[in-house]
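Input: a single structure, listed below in structure tokens.
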Amino acid sequence: MGATNNDSPRTRYHVGSRDIGGAEYRVECIPTWHDARDWLHDDVANTASWAQDQTEFDAFLERLETMTEADGVGEHSIDAYTFYVHRVTACGCPCKCDATGQPCDGTHRREAAPAACR
């Protein structure tokens with residue numbers, strides 16, 4: 001994949017979590033489903049390490065290993081948390097390439113922009 005114009009629409013994945021009914025924590029803007037699934041795995045595993053009962057977390061992590069994009073994109077409630085992956089087809093999140101003026105190859109991770117970009 002060659003360099004793309006920084007202003008061109010990009011399909012990316014916004015991955016994050018929140019307490020059920022609460023405000024979201026940091027949301028990552030990630031280039032591929034594979035990378036988004038890895039980020040989601042780490043987020044769920046880290047949260048599970050604080051849980052008294054890890055049964056629901058472990059069951060989800062086991063399913064996540066073979067989960068397809070069609071099954072993984074969306075929201076997943078586990079214990080008192082909602083974990084999610086949103087597929088953003090025209091992602092307009094700014095990236096470090098915008099600041100440096102370099103062509104963007106679209107492969108890096110970054111913190112997602114405010115909700116208006118999602």
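Computed quantities for the displayed model
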{"quantity": "Residue, modelled with the highest pLDDT, within the stretch 81-118, restricted to residues that are of a type in the set (A, V, I, L, M) and either in contact with a strand residue (DSSP E or B) (Cβ under 6 Å, 6 or more places away or on another chain) or under 17 Å from GLU28 (Cα atoms) (or both)", "calculated": "VAL85"}
{"quantity": "Flag if SER17 is closer than 16 Å to ILE78 by Cα, in contact with a strand residue (DSSP E or B) (Cβ under 9 Å, 6 or more places away or on another chain) and modelled with pLDDT under 95", "calculated": "yes"}
{"quantity": "Single residue of the stretch 43-95 satisfying the filter (surrounded by 17 or more Cβ atoms within 10 Å (Cβ to Cβ) and in contact with a Ser or Thr (Cβ under 6 Å, 6 or more places away or on another chain)) that is farthest from GLY16 (Cα to Cα)", "calculated": "TYR81"}
{"quantity": "Enumeration of residues in the stretch 32-46 that are of a type outside the set (A, V, I, L, M, F, W, C) and touching a helix residue (DSSP H, G or I) at 6+ places or on another chain (Cβ under 7 Å)", "calculated": "ARG37, HIS41"}
{"quantity": "Scan of the stretch 16-31 for residues that are loosely packed, with under 15 Cβ neighbours inside 10 Å and either touching a helix residue (DSSP H, G or I) at 6+ places or on another chain (Cβ under 8 Å) or outside any strand (DSSP E or B) (or both), ordered by number", "calculated": "ILE20, GLY21, GLY22, ALA23, TYR25, ARG26"}
{"quantity": "Selection from the stretch 45-82 of residues that are assigned to a loop (DSSP other than H, G, I, E, B) and of a type in the set (D, E, K, R)", "calculated": "ASP53, GLU65, ASP79"}
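The values are calculated or read from the model by the stated rules, or taken from the named source; none is laboratory data. Bear in mind that the values here come from a model prediction, so they are computed numbers and not experimental data. With ideal geometry, Cβ positions are generated from the backbone for all residues, glycine too; neighbour counts draw on all protein chains shown.
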